[in-house]
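Novice: A single structure is presented below for examination.
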2 protein chains.
Amino acid sequence: MRIAIDAMGGDYAPKEIVAGAIAAAKEHGDIQILLVGHEEQIKANLAEALPGNVSIVHAAEVIESEDEPVRAVRRKKDSSMVVAGRLVKDKQADAMLSAGNTGALMTTGLLIVGRIPGIERPALAPLLPSLDGTGMLALDLGANMDATPEQLLQYAVMGSIYRERVQGMKAPRIALLNVGTEEMKGNEATKAAYELLKGSGLNFIGNVESKHVLERPCDVLVCDGFSGNIMLKSYEGAASVIFNEVKKAFKLNILTKLAAAIMLPHLKGLKKTLDPNEFGGAPLLGINGLVLKIHGSSDARAVQAAVKQAKTAVSGKLIESITAEINKE
Amino acid sequence: MRIAIDAMGGDYAPKEIVAGAIAAAKEHGDIQILLVGHEEQIKANLAEALPGNVSIVHAAEVIESEDEPVRAVRRKKDSSMVVAGRLVKDKQADAMLSAGNTGALMTTGLLIVGRIPGIERPALAPLLPSLDGTGMLALDLGANMDATPEQLLQYAVMGSIYRERVQGMKAPRIALLNVGTEEMKGNEATKAAYELLKGSGLNFIGNVESKHVLERPCDVLVCDGFSGNIMLKSYEGAASVIFNEVKKAFKLNILTKLAAAIMLPHLKGLKKTLDPNEFGGAPLLGINGLVLKIHGSSDARAVQAAVKQAKTAVSGKLIESITAEINKE
């Protein structure tokens, strides 16, 4: 199994990415890692000799976080991200992962690697935080803004397979993000998607309201990219404002500072539990090869964990399973 | 000026509604209040004699909170809510307010009172909490799930006029709820609405992301009822989970209990600031007469405040201004 890693994307690239790749290579002697990026820069950031199962694939360019995604992918043909995508496309690699520009990575998936035949739209599928710390898969979280009922159904199928194949879950509970729990609730798209999901053979448990997502009411939450983004950023905004205000209140006077000293160790855990970045890589499902987005601030540890996640997905035949299921009839 | 009050809707009806109506009648000697509901029950809940500017309009039925809205409005023709709506329709009242079933009140607005000619869809327009305590008008928050770009533009026009006429704001800043601030962001509906808003003559300041709403980035936030609901309930869910977990952490041991004693007075204010129910009545804009939804848990004080809000809207010629603006060309 070969996994391509974009060595140049992310806040701490190439240093942390390279370190994570080496750690992963040592952990998994049975996989080959292709470190894609500027050879000189990668070598300058080596803290130790490359293990035998890591090789460097030179790419002269880098897609920056502020680059316009489609343009960057079209023009920077020799960028680390595009070259890694081409390795997957040409079956030189089974998977790729990147901490770089999210939009560019989705474009690389779509334009360089390509869709699974039968899939209308790929979907970005991160694990969202849940209070119990286990996380809940949600898709689409930003690959496409609009989704038809049929596309929502495809998201559900892909999410269900991912939970089964990569996370070992049996009959994952699928739900639809909606404004109420009753069947007739929602906009035109969710109402029609509800009907399709009911007849899909998936373990569809109905609608879920956005206020309950932290309680992990389901294993796969299906939504269009627009409302998924509104939900995610609302949670982000609320948590940031509340934690900020609590922090300010802790600084009011000597007594509140005492209270802070007592409480901060207990509240740190909560903040971490609610942090969406603590939950590993997000697969771009529906692409004909595994493309894994990891957070921009990923360190070596995060890269190492993502390699493990990619390995599980490839061994679990994720892409083959999705392809078979989508083209079943 | 005559204001009809649904005496039977809400958690504390009729007692608190009646008390609020009487207090409002005393505060505003220049208005007439029509207390609509079961005469005997209203009389049984009178703590004092009715002031001269309050009269009871008998209605034998009540729409309950668990009633299916459209059915209830169609069948319970003699319910306090429907009778109040008919008073507005027949120009026997200039405004109505109710703490009852929200769906039924929207239906009453639509089917009994009727739309302003030229308005495609009415919109529910509550003030959302903001950190500075002043609130931000958002619409639509639930009257319609889907909205076309043209309907979003109408929401913007109505919200702008409401802010000017009822809240004395000059050139209210209008923004579109979206997934990013750049012009080309969003789904098909928001992208097209952006263009319409840009050319509208309104003080349109662009897109706003859901994570910033508590900072009051604009005075009128325009969204479809579906994504507005997703946003609102996400904030609700995040706040409820975080406050709950903090409360649990305060109960861990004797030291954290001490910290709680110090901090709770400071955190109470924050919780109140973020509570959407603290922000008065939500008008159902686009209806041909003022229909004001007040929270189900409204007490006398909330009813009294809502009467003042209704009075300001009627004196400010809200409905006439919307009608003129929508039918301008």
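The values are calculated or read from the model by the stated rules, or taken from the named source; none is laboratory data. Predicted model, so just to flag it, every value in this text is computed and none were measured. Here the Cβ is made from the backbone with ideal geometry for all residues, glycine too, and neighbour counts use every protein chain on show.
Novice: Among the residues of the stretch B:145-168 satisfying the criterion of being touching a Phe, Trp or Tyr at 6+ places or on another chain (Cβ under 9 Å) and in a loop (DSSP other than H, G, I, E, B), which is surrounded by the most Cβ atoms within 10 Å (Cβ to Cβ)?
Specialist: B:A147
Novice: Ok, one more. Which residues, counting only those in the stretch B:184-205, are over 24 Å from the mean Cα position of the chain (by Cα) and either polar (S, T, N, Q) or more than 16 Å from A:F226 (Cβ to Cβ) (or both)?
Specialist: B:N187, B:E195, B:L196, B:K198, B:G199, B:S200, B:G201
Novice: Something else about it: Would you please name the residue that is farthest from the other protein chains (Cβ to nearest Cβ), looking only at residues in the stretch B:199-220 that are free of Cβ contacts under 8 Å to residues at least 12 places away in the same chain and part of a helix (DSSP H, G or I)?
Specialist: The qualifying residue farthest from the other protein chains (Cβ to nearest Cβ) is B:H212.
Novice: Right, here's the next one. When the stretch A:250-266 is examined, which residues are found to be surrounded by fewer than 19 Cβ atoms within 10 Å (Cβ to Cβ) and within 35 Å of the chain's Cα centre (by Cα)?
Specialist: Of everything in the stretch A:250-266, those that are surrounded by fewer than 19 Cβ atoms within 10 Å (Cβ to Cβ) and within 35 Å of the chain's Cα centre (by Cα) turn out to be A:L264, A:P265, A:H266.
Novice: Just wondering, is there one or more residues in the stretch A:86-96 that are in the same structural domain as A:G20 (by TED's automatic domain parsing), over 24 Å from A:S160 (Cα atoms), assigned to a helix (DSSP H, G or I) and small (G, A, S)?
Specialist: The answer is no; no qualifying residue exists.
Novice: Shifting gears a bit: Being outside any loop (DSSP other than H, G, I, E, B), over 18 Å from B:A99 (Cα atoms) and within 24 Å of the chain's Cα centre (by Cα), is that true of even one residue in the stretch B:57-70?
Specialist: no
Novice: If you take the residues in the stretch A:221-237 that are in contact with a helix residue (DSSP H, G or I) (Cβ under 6 Å, 6 or more places away or on another chain) and not acidic (D, E), which one is farthest from the other protein chains (Cβ to nearest Cβ)?
Specialist: A:V222
Novice: If you don't mind, another one. Would you mind telling me which numbered condition in (1) under 27 Å from A:G180 (Cα atoms); (2) touching a residue at least 40 places away in the same chain (Cβ under 8 Å) B:H38 fails?
Specialist: (1)
Novice: Which one of B:Y162, B:Y194 is aromatic (F, W, Y) and closer than 14 Å to B:C223 by Cβ?
Specialist: B:Y194
Novice: Select from the stretch B:276-297 the residues that are within 20 Å of B:M136 (Cα to Cα) and either surrounded by 22 or more Cβ atoms within 10 Å (Cβ to Cβ) or more than 13 Å from the chain's Cα centre (by Cα) (or both) and list them in ascending order.
Specialist: B:G281, B:A282, B:P283, B:L284, B:L285, B:G286, B:L290, B:V291, B:L292, B:K293, B:I294
Novice: Out of curiosity, is A:N53 modelled with pLDDT under 95, over 28 Å from A:L111 (Cβ atoms) and either in the same structural domain as A:L97 (by TED's automatic domain parsing) or surrounded by 19 or more Cβ atoms within 10 Å (Cβ to Cβ) (or both)?
Specialist: no
Novice: May I ask you to say which residue of A:K43, A:K77, A:K26 is part of a loop (DSSP other than H, G, I, E, B) and of a type in the set (K, R)?
Specialist: A:K77
Novice: May I ask you to list the residues in the stretch A:170-189 that are more than 8 Å from every other protein chain (Cβ to nearest Cβ) and either within 14 Å of A:M136 (Cβ to Cβ) or touching a Cys at 6+ places or on another chain (Cβ under 9 Å) (or both)?
Specialist: A:P172, A:R173, A:I174, A:A175, A:L176, A:N178
Novice: Also, I was wondering about something else. Looking at the stretch A:270-287, is at least one residue on the phi > 0 side of the Ramachandran plot and at pLDDT below 95?
Specialist: Yes, that holds for at least one residue.
Novice: Looking at B:A13, B:A19, B:A4, which one is touching a residue at least 40 places away in the same chain (Cβ under 8 Å) and in a helix (DSSP H, G or I)?
Specialist: After ruling out the rest, the residue left standing is B:A19.
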